[in-house]
Structure formats: C-alpha cells, structure tokens
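Colleague: Dumping the structure here so I can ask a few things about it.
The numbers here are math on the coordinates, done by the rules we state, and not lab data. Keep in mind the model is a prediction, meaning the values are calculated, not measured. Neighbour counts run over all protein chains shown; Cβ positions are idealised from the backbone, glycine included.
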Amino acid sequence: MNLEEQARRGGQAKKQIELIHKHCSNAGLHSSPIIKKDYNYESTVQDGKEKIKIQVYFGKKGVKTILQGNVDSGLYKTVNNLVIDEPRLDLKQNAVDEPEKYIGSDECGKGDIFGPLVVCAVYVNKTTSEELKKIGVRDSKEISDFQIGSLAKKIKSIIDSNYEIVNINPEKYNKLYDEFQNLNKLLNWAHSKAIEKLLEKTKCTTVITDKFSNTDLSISRSAEHVSVKFIQLTKAESYTAVAAASIIARDAFNYWFNTHKKNNIELPKGSSEKAESFLKNMLKNFNKDEMSKLAKLHFKTFKKLNGF
C-alpha cells in the first residue's frame with residue numbers, strides 16, 4: 001500500500017472514529033480525546049467503572065472498527081450499537097429455529113409513567129427474516145434511541161406493509177385501564193388487536209409473542225383462527241419478527257416523546273426516581289385531566305405522591 005492510499009484510508013478511519021465519538025457524546029457517554037497511532041485511531045468511553053476502548057484501524061485490508069472490553073456489559077452493547085455501519089460488531093447472537101413464515105408481536109411503554117403504550121405485530125417470511133438479520137435487527141432494548149429511528153425505517157422498507165401498530169396514547173390508555181382494571185388484560189387486548197389485523201392481511205398460521213402473563217391471548221380462542229398456532233415465550237425477542245416489532249413499537253414510542261419535546265415538554269422515560277421527582281413537580285401545576293393526557297394514572301407512584 002503506497003503512502004497516498006494509506007493517507008486516504010487514514011482519513012476514512014479518522015472520520016469514522018470522529019462520528020462514533022460524536023454519537024457517544026450525544027448518547028450522554030464520556031469519551032476521552034481521540035489519539036492517533038501508527039495504524040489506528042482510538043478513544044476510550046467510560047461509564048462509572050466500566051470502560052470500552054474504541055479502535056479504528058486502517059491498513060491493507062481497509063478500515064476496521066474494534067471494541068475492547070467486557071462484551072456482556074451494558075456499556076459494550078450501547079457503544080456497539082452506536083457503531084453505525086457494523087450493528088452486530090462482535091456481539092454473539094443466540095440463533096433460534098424460526099418458522100419459515102410467522103407473525104411476531106411485542107410492546108413498548110408498559111413500564112413507563114409517561115407516554116403511550118405501543119404494541120406492534122410484524123409478519124416475516126424466510127426472505128425478509130434474513131434481510132432483517134443482515135441489518136442488525138435484535139431486541140430494541142439493546143439498541144440506542146439514536147439508532148432506533150433509522151433501523152425502524154429500514155425494517156419497514158423490507159417488510160413493506162406487513163406490520164400493524166396499536167398506539168395507545170395516555171388519555172386512551174387511562175380509559176382502557178379503567179375498563180380492564182388490569183395491565184395484562186389491556187396488553188392482551190392490544191396484542192390481539194394488532195395480530196388480528198395482520199392475520200387478516202397475511203393468512204399466516206403461526207404467531208409468536210413475548211409472554212407477559214400466564215393467560216392465553218384472547219384472539220387464540222376465536223373460532224376464526226382455530227388453525228393458527230399461538231406461541232407465547234419469555235425472551236421472544238430472539239425471534240426476528242418479535243425483535244422487529246419491538247423496534248417499530250419503540251420508534252413510535254420515541255416519536256410521542258419527541259413531539260412533546262418540540263412543544264417544550266421534555267418528559268422523562270421509565271419509572272425511575274428521576275421520573276418520580278419530575279412527576280412530583282408536575283402534580284403541583286397540573287390537574288387530573290391534564291395529567292391524563294401525559295401519564296398512566298394507575299401507577300402506584302401517583303398514590304405515593306398523593307396524586308389521583
């Protein structure tokens with residue numbers, strides 16, 4: 001490799017690590033300054049005691065990104081997901097024996113005080129399943145918010161119209177919860193609704209969904225779908241269609257938060273102490289009707305904070 005080619009590849013490596021460095025910063029991670037060595041650029045990302053070294057090499061075989069650190073750590077997975085062009089970088093994937101064609105469903109938002117509950121069902125066949133694996137589709141919890149939007153867009157381009165979303169905003173969620181008086185029953189209704197629409201469209205005979213209760217999906221008791229095999233599994237996100245559904249659901253969930261952020265309402269996700277503290281301040285200024293449009297009112301947090 002001549003000096004000109006080495007310089008060109010060195011420039012590519014520099015741009016690549018600068019991009020990763022920027023993504024880490026946007027994700028709220030602390031990164032050390034980028035260091036140039038003879039054949040690579042490198043930087044270290046740290047979160048508490050955990051450290052991951054990012055190395056971008058340039059040489060005869062081109063530009064290659066390597067991560068050094070504990071592959072089972074949350075930080076490793078987060079940084080790995082920020083490496084845009086290599087979404088599966090060194091991560092060990094647990095292969096499962098998937099049906100040739102099936103529907104997978106998953107949800108997002110059930111544990112969040114603020115925001116909607118989103119359920120998505122996705123249909124895949126052998127071809128689309130393989131294409132989804134190639135772009136790095138996996139459980140959305142292993143993917144940063146930064147990547148979710150672009151990955152959801154790619155998924156939709158691959159599966160075309162073979163998905164259904166049931167997006168339940170907080171106000172509707174609160175009304176449904178008053179009706180069902182149980183989160184699992186509400187989830188059962190939402191999953192069944194998304195799956196039923198997709199069954200009508202695809203005439204599929206196998207459905208796999210993440211197990212959220214010991215009760216069978218209500219749709220499985222329908223005489224119309226007696227020939228359909230319904231499977232509920234723990235950690236069902238290892239199945240491609242379920243993982244794709246989790247990504248699309250989370251993308252819709254994030255969209256709700258981003259829309260409110262544009263309207264100068266930056267709400268926290270989850271049900272952490274930060275979310276509780278934020279809620280406590282909101283209860284001083286918002287009435288029940290206003291809160292109903294932003295939060296899930298059945299959470300014990302409301303009673304804990306002398307809410308509704």
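Colleague: Taking the Cα centre as origin and putting +1 on Lys and Arg beta-carbons and -1 on Asp and Glu beta-carbons, what dipole magnitude results for the range 3-82, to the nearest 20 debye? If you can, show how the numbers build up before the last one.
Modeller: Details: 14 positive and 8 negative charges, 40 e Å.
It works out to roughly 200 debye.
Colleague: Here is a further query. Going by how many other beta carbons lie within 10 Å of each one, how would you line up Asp216, Asp139, fewest first?
Modeller: Details: Asp216 11, Asp139 18.
Arranged by neighbour count, lowest to highest, Asp216, Asp139 become Asp216, Asp139.
Colleague: Could you quote the convex hull projected area for the range 3-82, Cα atoms only and averaged over all directions, in nm²?
Modeller: Numbers: hull surface 20.3 nm².
Across all orientations, the range 3-82 yields a mean hull projection of 5.1 nm².
Colleague: Before rounding to the nearest 500, sum -39500 (n - 2.57) across all DSSP H runs of length at least 4 in the chain and divide by the residue total; then give [θ] at 222 nm in deg cm²/dmol. Don't skip to the answer; put the middle values down first.
Modeller: Working: 10 runs with 131 residues, N = 308.
One gets -13500 deg cm²/dmol as the mean residue ellipticity at 222 nm.
Colleague: Let me ask another. Within the range 198-292, report the GluC sites (Glu not before Pro) that DSSP leaves as loop and that have at most 14 other Cβ atoms within 10 Å.
Modeller: Numbers: sites: Glu200, Glu224, Glu237, Glu266, Glu273, Glu276, Glu290; in loops: Glu266.
Here the sparse-neighbourhood loop sites are Glu266.
Colleague: Provide the descending list of Cα extents for the range 102-258 along its principal axes, expressed in whole angstroms.
Modeller: 41, 40, 25
Colleague: From the cross-link list Lys201/Lys288; Lys193/Lys280; Lys203/Lys269; Lys53/Lys110; Lys77/Lys156, which pairs have alpha carbons spaced over 29 Å apart?
Modeller: Numbers: Lys201/Lys288 40 Å; Lys193/Lys280 34 Å; Lys203/Lys269 36 Å; Lys53/Lys110 35 Å; Lys77/Lys156 24 Å.
Over 29 Å Cα-Cα: Lys201/Lys288; Lys193/Lys280; Lys203/Lys269; Lys53/Lys110.
Colleague: Of all trypsin sites (Lys or Arg not before Pro) in the range 44-86, which ones are in loop regions per DSSP and have a Cβ with at most 14 other Cβ atoms within 10 Å?
Modeller: Numbers: sites: Lys49, Lys51, Lys53, Lys60, Lys61, Lys64, Lys77; in loops: Lys49, Lys60, Lys61.
Listed in order of number, the matching sites are Lys49, Lys60, Lys61.
Colleague: With N denoting the number of residues in the chain, provide Rg(C-alpha) divided by 2.2 N^0.38 Å, to two decimal places. Can you show the working numbers first?
Modeller: On the way: Rg = 22.1 Å, N = 308, 2.2 N^0.38 = 19.4 Å.
Cα-based Rg divided by the globular estimate yields 1.14.
Colleague: Counting other Cβ atoms within 10 Å of each Cβ, which trypsin sites (Lys or Arg not before Pro) in the range 204-255 have at most 15 and sit in a DSSP loop?
Modeller: Details: sites: Lys211, Arg221, Lys229, Lys235, Arg250; in loops: Lys211, Lys235.
The qualifying sites are Lys211, Lys235.
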